[in-house]
Amino acid sequence: MGKFSRLGNDLYEGTVSVDFVGRKWLWYFVSGVIVAASLSGLLVKGLNLGIEFKGGVEYTVSLPSSQANQTNANKIRNAAAATGIKQAANPIVSTEPQGINITTETMTTEDANTVSAAIAKAVGVPQNTISAQEVGASWGSDVAHRALTGLIVFLILVALFIWGYFREWKMSIAALVALAHDLVITVGVYALSGFQVTPATVTGILTILGFSLYDTVVVFDKIRENTKNLRQSRRTYSQLANLAVNQTLVRSVNTSFVALLPVGALLYVGVFQLGSGPLKDLALALFVGMAAGAYSSIFIATPLLVQLKAREQEITEQDRRAKARMKRDADRYASVPAFTEDLPLRDGPVIGGGAGDEDDAALREPRPAPRPEASGSGRIVPEPKAPVEQSGSAHRPQPTRQPRSKRGK
C-alpha cells in the first residue's frame, strides 16, 4: 500500500505521468472496437425484451434443481406448441435453479388455461402449482415511452448543468459523448448476453449515467483548476489536461473498484443463486455501466475535450509560448541565429587570427557602442584645478589605530 500511495503522490505532482491525451487515437480505436461489437450484437441478435415491454403471458413452473434441466424444458416447449394455439407456437423457455420459465404471446384467458394444463401434464405437476402472469402490450409500450422520455430529459439536464458550472459548451459535448459511449456498451452487452430487458434494467442504466457523469465532472473540475492561470503556465493545454487525469487517476480507480465489488456480488447472487428476477438485471446494468463510465471519463472525455479546444486562439497561443519556453530551457543557445551566407556583416575584431581571416570577415564580434563615463565613478581621474603642493599636515603626527585601552594616553 505504501508503494501505491507513493505512486499516487508522484502522479499528482507530475513526476510520473501516463500520456492519456497523447495516445488518444489508441483509446479511440479500442473504444471503436468495443462499440462496434456492441452495435453488431444489438443489430444482429437484438434485445431480449421482457414481458413488461412486449406483453404476453409468462408461466413459472417451480421444480427442484435436479428437475430444472433441458430435458423438461424441451418437453414443455413441445407440449405448448402441440396445443395448436398460434400464440404458443414458439414459446421462449429458460431454465433456472428454482424452476422453468415459459413466455408466450398475449392470448385469451381460455387459451392461457389450456397451455397451463399442457405444461402441467408434460412435467407431471399439479396445474395449480404453475403461476401465470399476463401483461398487455400497451402497458409495456408505456413503460418504454416513459424510460425514453426520462433518458432525454436527463441528457438535456446534463448538458445544461455542465455548461452552467464550467461555462464551457465543449465540456458538455465531451461529457455527452462519454455518456453515449457508456449507453451503447451497456445495451450491447445486454444484447450479447441474452439477459431480459426489464424495468430494473432501465433503473440501472439511469443510475450508471449519473455515476459516469460524476467521474467526468471531477476530472473536468481538475482541468479547470490547472488551466485557471493559463498564460503564466509553462505547459501546453494538453499537458495540463493530461496532468489533471493523472492527478485524479488514483481516486477514479479506487472509487470504481469499491463500487464494483458489491455490484459484482449482487450480479453473482442474481445469476448463480437466484437465477432470475430484477436483481440480476439491475446488477448487470450497474456493473457494465460503472466499468464503462470509469473508462470513458479517463480515456474518452478528456482527450476529446482537448481535441475540441485545440483550435481556439488562446489555446494555440499558449501552446506556442509553452513550446518556445521548453525549447529555450532545453538549450540556452537555441535562440542564437544560425550562420547563413546572407548574414549581415558587423564591425568588430575578426575571430581567430590565422591565414584565412580575410575570407572569414563575416565572422566578427559585435562592438558595443561607447558611452560617456561619469567623472566621480572612480574610472576617470578629474583634471586638477591647481598644481599639487606639499601639504602642511605632512609634518604633523598622523592618527593611528589603537586599542580602546590605550586611547587617550
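None of the figures in this text is laboratory data; all of them are computed from the coordinates on show. Note that the structure is predicted; figures quoted are calculated from it, not measured. Ideal geometry is used to build each Cβ from the backbone, glycine not excepted, and the neighbour counts take in all protein chains shown.
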(message) Less than 26 Å apart at the alpha-carbon level, and either on another chain or at least 8 residues along: which lysines does that give for Lys327?
(response) Lys24, Lys228, Lys309
(request) Determine the gain in length on full extension of the stretch Val250-Ser193; use 0.36 nm per residue of separation and subtract their C-alpha separation, reporting nm with one decimal. (result) 17.4 nm
(request) Using only Cα atoms, figure out Rg for segment 56-135 and give it as a multiple of 2.2 N^0.38 Å. (result) 0.95
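On full extension of the chain, what length is gained from Ala82 through Val177, given 0.36 nm per residue of separation minus the C-alpha to C-alpha distance?
29.2 nm
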(request) Grab the Cα-Cα distance for Trp163 and Glu383, subtract it from 0.36 nm times how many residues apart they are, and report the gain in nm with one decimal. (result) 71.5 nm
(request) Please work out the FRET efficiency for the pair Ala117 and Gln70, using the Cβ-Cβ distance as r and a Förster radius of 25 Å; give the result to the nearest 0.05. (result) 0.65
(message) Just to verify a number: FRET efficiency for Arg234 and Val269, C-beta to C-beta distance, R0 = 60 Å, to 0.05?
(response) 0.70
